[in-house]
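The values are calculated or read from the model by the stated rules, or taken from the named source; none is laboratory data. Bear in mind that the values here come from a model prediction, so they are computed numbers and not experimental data. Don't worry about glycine lacking a Cβ; one is built from the backbone with ideal geometry, like all the others, and counts go over all protein chains shown. To get the accessible areas, we keep the full protein, side chains included, count just its heavy atoms, and leave off ligands, DNA and RNA. Shrake-Rupley method; radii C 1.70, N 1.55, O 1.52, S 1.80 Å.
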Amino acid sequence: ACAQTGYVGRVGVYEALRVDEKIRRLIGEDAGEDAIAKAAFPGGAGTLQAEVRRYVAEGITTLEEAIRVSRQEADEHVGV
């Protein structure tokens, strides 16, 4: 039952980081999150934001729902 929300069922959106030697070195050097993300997700592929965008493009969810569940995206949309 969707409680009249228009949504039935749930789909998880995940971001997984494979810690290889390059990532391990960056962590050891106390690199920032942005530097690690750039090395781990070249071109942004595989990031949480990329997956959310894909779900919206494929009609799996709405932009509003994607923004609601992705705080970083929501903050970017309102200029925080």
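Worth pointing out:
- Residue satisfying all of: in region 29-44; part of a loop (DSSP other than H, G, I, E, B) and open to solvent by 70 Å² or more (accessible area, probe 1.4 Å); nearest to residue 70 (Cα to Cα) among these: 30
- Counting the residues of region 51-77 that are at pLDDT 85 or above, surrounded by 13 or more Cβ atoms within 10 Å (Cβ to Cβ) and in a loop (DSSP other than H, G, I, E, B) gives 3.
- Taken together, 26, 17 contain a single residue that is surrounded by 10 or more Cβ atoms within 10 Å (Cβ to Cβ), outside any loop (DSSP other than H, G, I, E, B) and modelled with pLDDT of 80 or more, which is 26.
- Subset of region 27-40 [closer than 12 Å to residue 16 by Cα and in contact (Cβ under 8 Å) with a residue 12 or more places away in the chain]: 40
- Residue list for region 11-40, restricted to those being closer than 23 Å to residue 51 by Cα and among the small types (Gly, Ala, Ser): 12, 16, 32, 35, 37, 39, 40
- Residues that are farther than 14 Å from residue 13 by Cα and either acidic (Asp, Glu) or in contact with a strand residue (DSSP E or B) (Cβ under 9 Å, 6 or more places away or on another chain) (or both) within region 23-57 comprise 29, 30, 33, 34, listed in sequence order.
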